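Taking it in order: structure first as structure tokens, then the write-up.
Nothing in this text is a laboratory measurement; each read-out follows from the coordinates by a stated rule. Because the structure is a prediction, the values reported are computed rather than measured. Every residue, glycine among them, receives a Cβ derived from its backbone with ideal geometry; neighbour counts consider all protein chains shown.
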């Protein structure tokens, strides 16, 4: 997509798009939201590409699924799931499988 087409689809002045692309101007959050809509991308992706959010940590599919499941749980169910995961990690550490630094809560 050309800068002019992006500007048209995002509803942003062509000059602003040009200055953003040439790194002469930092994009505003509103501009990034409009660009995300124009490109049909999640806002998070565009904010990361602009350097306004940290890079996403790469995870494996099982970790992604686990996070998804935890996000679906609430209250006591979520606490139970976390207690189970902590217990499994403790057992693995005791067997010498992992050496994990304790996280501060």
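For residue 46, the stated conditions hold: it is surrounded by 10 or more Cβ atoms within 10 Å (Cβ to Cβ) and either under 30 Å from residue 18 (Cα atoms) or within 13 Å of the chain's Cα centre (by Cα) (or both). Against the list (1) in a loop (DSSP other than H, G, I, E, B); (2) surrounded by 12 or more Cβ atoms within 10 Å (Cβ to Cβ), the condition residue 36 fails is (1). Looking only at residues in the stretch 52-89 that are out of contact with any helix residue (DSSP H, G or I) (no Cβ under 8 Å at 6 or more places or on another chain) and assigned to a loop (DSSP other than H, G, I, E, B), the one that is nearest to residue 27 (Cα to Cα) is 57.
Taken together, 34, 49 contain a single residue that is closer than 30 Å to residue 2 by Cα and in contact with a helix residue (DSSP H, G or I) (Cβ under 8 Å, 6 or more places away or on another chain), which is 34.
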